[in-house]
Amino acid sequence: MLQGQEISRSEKVTGRGTDAPEDASVQILDAAASSAIAADRAPRHALLAVPLAAAVTLGVHLVVSKKEPLDESRSYTIFLTLFFAGAIAAALTQWRWPAVRARMRGLRPLFTASVLLLCGWELITSGLRLLPLPYFPSPGGVLQSMINDRALLFDSTWHSLVLLLGGYGLGVASGFITGVCIGWSKPVRYWGMPLLKVVGPIPATAWIPLAMVVSPSAVFSAAALIALAVWFPVTMLTASGISNTRTSYLDVARTLGAGPRYLIFRVAIPAALPSIFVGLFMGLGASFLTLVVAESVGVKSGLGWYVSWAQGWAEYGKVYASLVIMAAFFSTIMTLLFKLRDRVLVWQKGMIKW
Amino acid sequence: MVAPALRLREVAKSFPAADDRQRQCLVLDAISISLDVGELVSLVGPSGCGKSTLLRLIAGLDVPDSGELMIGAEPITGPNAERGLVFQDPNLFPWLSVRRNIEVGLLARGQLREKRGEVEEFMRLVGLETFADAYPHHLSGGMAQRVALARALINHPKILLLDEPLGALDAFTRMRMQDEVLRLWQSRRTTMLLVTHDIDEAIYMSDRIIIMTQRPGTIDQIIQVPLDRPRDRSSSDFLRLRGQILELLHFAGNETSLEGRTPIR
């Protein structure tokens, strides 16, 4: 398999043709980059896409913002100018160094499209005023609210992070333990499975009224609710992964002298890990949802609280600002979990498609 | 007199029938075998005659209904590292590298620290030292089966049970692996019990061939293989023995051909 890749790679390198630049920079390229260059058949003027889009967006903004108050549009103007300058610098770098060009190739359309999206957003909001204010502020307005309220936003993000990690960690730990017990032991399975099947599907947020009554503090009950939301999928998929361990793996291990501890910790759990990770991903999604809901009804801090608070004051710029932060925040955590899976399940590489 | 490596007396085993759970279906009946230390014995018979079940009983993974199974002077009570088992599917743990797979037995018995050096030795023995850090799905069928053999042998089992270990390999790899197993057997003098569908393989490799009957599996005949090693697959003695066994199996299979294969006369 590896050899196959090696061959096709060298074919690409030798088949690169005569239009390859002969300058010294070619020598510093690693093999992967040079194969990508071979695939980069796009002419160099494709490099203009991002700067051009940035220029258009900046131009539209300069025209439109004449109608807007200066303080609201200034930071966005600076942002777009910086972006435009960055795009030109990036294009020049890529024009000079093919290695960088090859690496950035896949990102170019994405950057172009997202800049144009900002342009379209500004056009239909403050440009043509197609959408009613204050519900749909312009990108400049959102950026300005983000900057004005940065201290509170940072504080909210921090509180959300602590609450999320606390609840998720608790849910994963308890779900893993119950999942292994249910998956491994027949008696535990007999009593645990019906309970799991009946109680588990209740959305964690439905327990909010009870949590408010029972728990001493809102933060604690929110953490417990997030843990509950995570616990169900993690338990379910851990249990199914453990109980579906191939019997032949267990048989082989037993004939090699393995005792029960070895069978659980070194055979069943590793064999169940792919399934456990599915549970971790599902749990993470559920934890985001529960976090935001719990924060907006009970807890007096965090991004969920911030959204409903800003909405109460009809400051929609702030609502969108916190949505942008949430997107970055949640997707970063999701990416970290993906990275963790790539490390832990490295043995699956080449076996299945992720 | 030296005690036999393995002794089975009047072993019987039944399973609940597939169509009717109330009814017991007799799979093995009146099995009595004795293997000498260092002997390589093959077990052949029509499919479904309980060969694999017999191996599982010896491995201790199943419990017989009646009869006596002894390793040396000890009765078999459960799975133990002294009885290695290699399946047709190598069943390597996909999450462990080749080296770690071979280490499993040592780790499971808490001997990894003092015997770590043996891991290298066994990887060399099966010629896989360059693949130490590869994961099983990068290995070919023959290589994976060699890892499985090394993994079983590192425990120094008193007897190695082989359940069609070469059954999934192509003809060339299979012949090479037969020599490989013979080499391991000769160098280590491990007692081996080999289940196979391949009569040539049984004749090529074993000291004795046990022929079993159709369900319930009983022992039909035990044939000595009087040929010197290395054996020539095309010698007239080899071919005569082959014809003889095929005839027996044809009879044992109640006039149905073995595995859809027409016996050659």
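The trypsin sites (Lys or Arg not before Pro) of segment A:231-314 meeting both criteria, a DSSP state outside H, G, I, E and B (loop) and at most 10 other C-beta atoms within 10 angstrom of the site's C-beta, are A:300. Taking every protein chain into account, the accessible area of segment A:150-348 amounts to 48 square angstrom per residue (probe 1.4 Å). In this simple spin-label model, placing a label point 7 Å from the Cα along the Cα-to-Cβ direction at both residue B:115 and residue B:73 gives a separation of 2.3 nm. Taking label points 7 Å from Cα along the Cα-to-Cβ direction, residue A:213 and residue B:187 give a separation of 7.4 nm. Between B:234, B:77, B:218, the Cα set farthest toward the positive side of the dipole of segment B:6-252 (charges on each charged residue's Cβ, about the Cα centre) is that of B:77.
In this label model, residue A:323 and residue B:175 are separated by 7.2 nm, measuring between points 7 Å along each Cα→Cβ vector. Under a model in which nothing but the beta-carbon of Lys, Arg (+1) and Asp, Glu (-1) is charged, chain A shows a dipole of about 940 debye around its Cα centre.
Per residue, the convex hull around the alpha carbon atoms of segment A:150-348 comes to 124 Å³.
Taking the Cβ-Cβ separation of residue B:132 and residue A:44 as r and a Förster radius of 30 Å, what is the calculated FRET efficiency to the nearest 0.05? The value I calculate is 0.05. For segment A:97-181, the alpha carbon positions stretch 60, 45, 24 Å along the principal axes, listed from largest to smallest. The alpha carbons of segment A:39-149 give a radius of gyration and a Dmax of 15.8, 48 Å, in that order.
Three semi-axes describe the equivalent ellipsoid of the protein assembly as shown; taken as square roots of 5 times the Cα gyration tensor eigenvalues and ordered largest first, they are 66, 34, 19 Å. A DSSP coil position with no more than 11 other Cβ atoms inside 10 Å describes the following chymotrypsin sites (Phe, Trp or Tyr not before Pro) in segment A:298-342: A:313.
Over the Cα atoms of segment A:251-327, the radius of gyration divided by the Kirkwood radius equals 1.40; this is the Rg/Rh ratio.
Amide H contacts of residue B:37: B:5, each under 5 Å away and 5 or more positions distant or on a separate chain (H built 1.01 Å from N in the peptide plane; Pro and chain starts excluded). Once the Kirkwood radius over Cα pairs is known for chain A, the Stokes-Einstein relation at 4 °C and 1.567 mPa s delivers a diffusion coefficient of 52 µm²/s. Checking buried surface per residue: for segment A:239-261, which residues lose a minimum of 30 Å² accessible area in the protein assembly relative to the chain alone (1.4 Å probe)? Buried-area filter returns A:246, A:249, A:251, A:252, A:254, A:255, A:256, A:257.
The calculated FRET efficiency for the pair residue A:71 and residue A:93, based on their C-beta separation and a Förster distance of 35 Å, comes to about 0.55. Over the residues of chain B, the helix contribution to mean residue ellipticity at 222 nm works out to -10500 deg cm²/dmol, using -39500 (n - 2.57) for each DSSP H run of at least 4. Rolling a 1.4 Å probe over the protein chains gives residue A:79 an accessible area of about 90 Å². Taking the Cα centre of chain B as reference, the dipole from Cβ charges on Lys and Arg (+1) and Asp and Glu (-1) amounts to some 420 debye. Projected onto planes of every orientation and averaged, the convex hull of the alpha-carbon atoms in segment B:6-252 covers 14.3 nm².
Of the solvent-accessible surface of chain B, computed with a 1.4 Å probe over protein heavy atoms with every protein chain present, carbon and sulfur atoms account for 49 percent.
Look at the dipole of segment A:150-348 built from charges on Cβ: of A:265, A:232, A:327, the Cα furthest out on the positive end belongs to A:265.
Here segment A:49-107 is assigned +1 on the Cβ of each Lys and Arg and -1 on the Cβ of each Asp and Glu. Its dipole about the Cα centre then comes out at about 360 debye.
The values are calculated or read from the model by the stated rules, or taken from the named source; none is laboratory data. Not measured: the values here are computed from a predicted model. Note that each Cβ is placed from the backbone with ideal geometry, even for glycine, and that neighbours are counted across all protein chains shown. With ligands, DNA and RNA removed, areas are computed over all heavy atoms of the protein, side chains included. Shrake-Rupley method; radii C 1.70, N 1.55, O 1.52, S 1.80 Å.
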